[in-house]
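Below: the structure, in structure tokens.
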Amino acid sequence: MAQARANGLMRTGKIVTQNSQAFSFTRRALVLGSVQGGVAALLGVRMAWLAIAENERYRTLAESNRVQLTIIPPRRGWIIDRFGKPIAINRTDFRVDLIPNQIRDTDALLAEIQQLLALPAEEIQRIREDLEKAEEYQPVQVASNLDYDRFAAVSLRAPDMPGVVPASGTARFYPAGPAVAHLVGYVGAASAKDYEETKDPLMITPGFKIGKDGIEKTLESWLRGKPGAKRSEVTARGRLVRELTTRPDVAGNTLRLTIDAGLQEFAARRLGDNSGSVVVIDTLTGGVLTMVSMPAYDPNSFSDGISHNEWQMLSGNDHLPLLNKSLQGLYPPGSTFKPITALALQHAGIDPEEIVYCNGGYQLGNRRFACLGRHGPMNLYLALARSCNTYFYTQGRKTGIDGIAAMARMMGLGQSYTLPMPSQKYGTVPDPAWKLKRHDHAWGQADTLNTSIGQGFLQVSPFQLAVVAARIASGHQLSPHLIRKRGANAGPVLPIPIEHLAAVRRGMDEVVNAGGTAVRSKLQLEGIRLAGKTGTAQVRRITGSSRGGMNVPWKYRDHALFLGFAPVENPRYAAACVIEHGLHGSSAAAPVASDCMLYLFDQQKALAKLEDMEKGWGGDIPTRMRAEAARWQAERLEAANTQPTEMDNASAASNATALTANGTGTPE
């Protein structure tokens, strides 16, 4: 029975033969071989794809690892004066920048940079703050205008300091420094906003700078050149192997101005420590010869990167060195407005020979409008020479505000001019419609009297006063300009009778040369006379003998103004000068304008006179600025040293009070 069961099992089981085993192995080998072949085919296809179709892409990637492409910032075009003398140029510059998103350890990197470049702690703090504010791709300046030894030390270590970019190139340089600050402005690194607007990689190239103020800003497209490029072979760690090819940059265009660079620097120096402005215009062409606002910042410092201390010193200065007073400063014109009133009253039919008796003022109802003295009988010429308010009160009221305001606008007030400058203020020429709109009050006779002598609501800039002087001198509707152009002229003739202008010029001649208010500013030149008009403008109403005098704080003293032209017989130059809180136009503003005219006719004599003055002022502009910075720094350190003592005293007093209150002790 057992044998039968075994035989049954043998009949139902599968018989494995040698042939079946061979067949099974061959089938598995075929499957595995097919899989392997498929994989090999896929790899072959992929390799072919990479080697043929993607060849260019990977060649480029490999090239980028081996070859470094560097953008070369373009050189800016020079700015030169009417004679070709440089105002803004380029000089060789060694600099070091940081790229934030490439830095691994900020603290360690800054410590190493500080040691290599011998930077003060203040600069390291400035760099740290700039890194925090900058976008990841935006270069942060470490230092510029480095000597070669320090630059070489950083360049040698740069491959071991990721994020450090040493570069040699050009930097902007202004030979006259502060004297041209408010004229040409300065340059600086492009901001993140500049890059986001254009997506131009040049904007984030270390060493590239754009105009930030003045002419540098408004004529950026003209002054900026075209960037170049450099291909270099480097190792995997970024070390230079060799220079491959270089495409040079294309420099920007040269810009020729109407400015006389010598006069510009002279006028800035002549202003001394005063806060004010000087503008001189060529009456034959309308070209602006000088436009100075002082005190000013040094554009070289701004372009290289200003320190926190210098910024705090400038922004806290009550003489406002950051403000372009020539175009943005507004002042009551005072008596410098009287030539305009004189033209308006003649236009209204008033004879310049008509006599007005000055008894020391003018009575309007129950209000007395004072004059500067008791001048007696006055005609137009004498009234201008002696600056008699009573005459202009009387004749101004007869003329009316509409005629005065219309003449003021014709002479150039209350408007801006086509200049390559970021901004300028219009000022104010008031009339009944203006007052009603601005103050919701009707115009009164008192307003007319105040306007006739240049006070009240009137506001003008020094530049506008220079235009007034130029139009009176030339008799043309002169349009001032800053960019030199061929064929420039004085413009169309003013719709004013020649005899009216002659009467005003005669009165302005007597101001300087016939015992008038500016007799001390007479030109000491044979055959050349200066004509002009002085002005003193109230800053605020001060009664009594203290009005605008030395016994009141500087910021409350009267402004000093002057406008004029020379020579009287055949006017060639017109000028205006405003000295903030200078007290009197005759003693503060007129001498400055007179010396600027002297420079135009006799440079050596003017410079010799100025050098004597500067000895008493403490030196030239750079010398005085360094002394001022040293004083400011000393005062700051003194304040910092006294502050802990005061805090300790306060703390001690607080502790003593607490002890007494608690009954635990008695303070000594």
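With 10 Å bins from zero, work out the P(r) of segment 416-571 over every alpha carbon pair and list the percent per bin. Reading the bins upward from 0: 9, 27, 35, 23, 5, 0.
Calculated on the alpha-carbon coordinates, the convex hull of segment 349-490 measures out at 130 cubic angstrom per residue.
For the chain, the Cβ-based charge dipole about the Cα centre amounts to some 2160 debye (Lys, Arg positive; Asp, Glu negative; other atoms uncharged). Using only the C-alpha atoms, the convex hull of segment 326-432 corresponds to 119 Å³ per residue. The calculated 222 nm mean residue ellipticity attributable to helices in the chain amounts to -13500 deg cm²/dmol, summing -39500 (n - 2.57) over DSSP H runs of n ≥ 4 and dividing by all residues. Overall shape of segment 98-222 was characterised from the C-alpha gyration tensor. The equivalent ellipsoid obtained from it has semi-axes of 27, 18, 13 Å, in decreasing order.
Surface exposure of the chain, expressed per residue as accessible area with a 1.4 Å probe, stands at 50 Å². In angstrom, the C-alpha Rg and Dmax of segment 274-366 are 21.5, 62.
Is segment 522-634 rounded, prolate or oblate when judged by the Cα gyration tensor, a ≥ b ≥ c being the square roots of its eigenvalues, rounded requiring a/c under 1.5 and prolate requiring a/b larger than b/c? Because a/c hits 1.5 or more and a/b fails to exceed b/c, segment 522-634 counts as oblate. Quick one: Debye curve from the alpha-carbon atoms of segment 369-411 only, equal weights, vacuum; give me log10 I(q)/I(0) at q = 0.23, 0.27 Å⁻¹ to two decimals. Computed log10 I(q)/I(0) values: -0.81, -0.95. Extension gain for the segment Ala192 to Arg409, taken as residue separation times 0.36 nm less the Cα-Cα distance, is 73.9 nm to one decimal.
Put simply, the convex hull of the Cα atoms in the chain casts, on average, a shadow of 64.0 nm².
Building the convex hull from the alpha-carbon atoms of segment 74-129 and averaging its projection over directions returns 6.2 nm².
Backbone amide hydrogens, once placed in the peptide plane, bring Cys358 within less than 5 Å of His375, Gly376, Met378, excluding anything fewer than 5 places away on its chain.
Based on the Cβ-Cβ distance from Trp434 to Ala229, what FRET efficiency comes out when R0 is 60 Å, to the nearest 0.05? Result of the calculation: an efficiency of 0.55.
Overall shape of segment 409-479 was characterised from the C-alpha gyration tensor. The equivalent ellipsoid obtained from it has semi-axes of 25, 15, 9 Å, in decreasing order. Over segment 181-340, the fraction of Cα-Cα pairs per 5 Å bin, rounded to whole percents and listed from the shortest bin up, is 2, 7, 11, 15, 16, 13, 11, 9, 6, 4, 3, 2, 1, 1, 0, 0.
Once the convex hull of all Cα atoms in segment 82-166 is built, its volume per residue stands at 127 Å³.
Look at the dipole of the chain built from charges on Cβ: of Trp434, Ala634, Thr205, the Cα furthest out on the positive end belongs to Thr205. Excluding the site residues themselves, the longest part of the chain lacking any chymotrypsin sites (Phe, Trp or Tyr not before Pro) in a DSSP loop with at most 15 other Cβ atoms within 10 Å is 138-425.
The values are calculated or read from the model by the stated rules, or taken from the named source; none is laboratory data. As the structure is a prediction and not an experimental result, all values here were calculated from the model. As a convention, Cβ positions derive from the backbone with ideal geometry for all residues, glycine included, and neighbour counts pool all protein chains shown. Calculation scope for accessible area: heavy atoms of the full protein, side chains included, ligands and nucleic acids excluded. Shrake-Rupley method; radii C 1.70, N 1.55, O 1.52, S 1.80 Å.
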